[in-house]
Amino acid sequence: MTDELPLSSEELLTTTRCVRYGLDLERAVDPALVEDCLRIALQAPNGNNRQNWRWILLTDPPIRAAVAEVYRAAFYDRNSAALERLAERPDASRSVLTAARALADRLHRVPVLVIPCLELADERLPTGNQAGLWASLLPAAWSYALAARSRGLVTAWTAVHLDREREVADLLGLPPTVRQGALLPTAHPLRGTFRPGPRLPLDQVLHHNGWQ
């Protein structure tokens, strides 16, 4: 907990950011605090109250380093061409991609990594639209991020490692029926205040009574 005034509901919802640069890599995070945030996350909605979410909490440095190595390989496989173009841009230092690269390069130093998973009856994901499936996990993962923010922590929502999901699963001993949904690096922040992110105005994304 922090000594700062509690966040209002609106401030919590509008200033919980994906923090890539501003992670305090030197300050330890109490695993009990992370577990408290996960306890809150378990109140999120899920299909038929099956609660087939599972949470992998990584604090051991060698394990975090191994997962980070896979993450970096996936990141550079995915973004090598874009990074080459980025080097030619004068505003590269302000690019989201540059921040994502900074996170990839330092991921092994982030004190806590949280991986939300689903335990399924079959190792194969269903064909077709999977919105209903992941709706039983991703709201809880976002609730974790909100709870972390309310307790003085910050997170970065990412899923780059899913390009090599099986490699991470093998590192962690996950059975084939357990599928990962995201990766949430968690740390204390280097700064105490955050602003709402840049977003399109509502009238550009809202449709009334159909696609008109």
Using a 1.4 angstrom probe and counting only protein chains, how large is the accessible area of His208 in Å², to 10?
-> 120 Å²
How long is the gain from Thr59 to Glu84 if the chain were fully straight, where each residue apart is worth 0.36 nm and the alpha carbon distance is subtracted?
-> 5.7 nm
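With the other protein chains left in place, how much accessible area per residue, in square angstrom, belongs to the chain at a 1.4 angstrom probe? Don't skip to the answer; put the middle values down first.
On the way: 12280 Å² over 212 residues.
For the chain, the solvent-accessible area averages 58 Å² per residue.
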Selection from His208, Leu38, His108 lying farthest towards where the dipole of the chain points positive, charges on Cβ | His208
For Val19, which sequence-distant residues (separation of 5 or more, or a different chain) have an amide H within less than 5 Å of its own amide H, given hydrogens modelled in the peptide plane?
-> Thr155, Ala156, Trp157
Could you tell me which of rounded, prolate or oblate describes the stretch 138-212, using a ≥ b ≥ c as the square roots of the eigenvalues of the alpha-carbon gyration tensor, with rounded for a/c under 1.5 and, failing that, prolate when a/b is larger than b/c and oblate otherwise?
-> oblate
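Rounded, prolate or oblate, given the Cα gyration tensor of the chain, with a/c below 1.5 counting as rounded?
Values: a/c = 1.11, a/b = 1.05, b/c = 1.05.
Verdict is rounded for the chain.
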Cβ charges +1 (Lys, Arg) and -1 (Asp, Glu), total dipole of the stretch 85-212, debye | 620 debye
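Tell me which chymotrypsin sites (Phe, Trp or Tyr not before Pro) from the stretch 113-212 have a DSSP coil assignment and no more than 11 other beta carbons within 10 Å of their own.
Values: sites: Trp134, Trp142, Tyr144, Trp157, Phe194, Trp211; in loops: Trp157, Phe194, Trp211.
Here the sparse-neighbourhood loop sites are Trp211.
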Using alpha-carbon pairs under 8 Å, 6+ residues apart, how would you state the relative contact order of the chain in percent?
-> 38 percent
Under unit Cβ charges (Lys, Arg +1; Asp, Glu -1), what dipole magnitude, rounded to 20 debye, does the stretch 1-142 have relative to its Cα centre?
-> 420 debye
What is the Cα centroid distance between the stretch 129-175 and the stretch 67-83, reported in whole angstrom?
-> 18 Å
Ordered by number, the trypsin sites (Lys or Arg not before Pro) in the stretch 171-212 that occupy a DSSP loop and have at most 16 other Cβ atoms within 10 Å are Arg191, Arg199
Taking θ as phi - 60°, what are the ³J(HN,Hα) couplings along the stretch 31-37 by the Karplus curve (6.51, -1.76, 1.60), each to the nearest whole Hz, with x for Gly and Pro?
-> x, 5, 5, 5, 5, 5, 5
Surface share of carbon and sulfur [accessible, 1.4 angstrom probe, percent] for the stretch 43-107 | 49 percent
Options Leu125, Val96, Ala148, ranked by Cα towards positive dipole end of the chain, top entry (Cβ charges) = Val96
If you plug each phi of the stretch 121-130 into the Karplus form 6.51 cos²θ - 1.76 cosθ + 1.60 with θ = phi - 60°, what whole-Hz ³J(HN,Hα) values come out, in order, with x for Gly and Pro?
-> 6, 10, 6, 9, 6, x, 7, x, 5, 9
For the stretch 42-57, in order, what is each residue's ³J(HN,Hα) by Karplus, 6.51 cos²θ - 1.76 cosθ + 1.60 with θ = phi - 60°, in whole Hz (x at glycine and Pro)?
-> 5, 8, 5, x, 7, x, 6, 6, 5, 6, 8, 6, 9, 10, 9, 10
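The values are calculated or read from the model by the stated rules, or taken from the named source; none is laboratory data. Nothing here was measured: the structure is a model prediction, and the numbers come from that model. Every residue, glycine as well, gets a Cβ built from its backbone with ideal geometry; the counts of neighbours run over all protein chains shown. Ligands, DNA and RNA are excluded from the accessible area calculation, which covers all protein heavy atoms including side chains. Shrake-Rupley method; radii C 1.70, N 1.55, O 1.52, S 1.80 Å.
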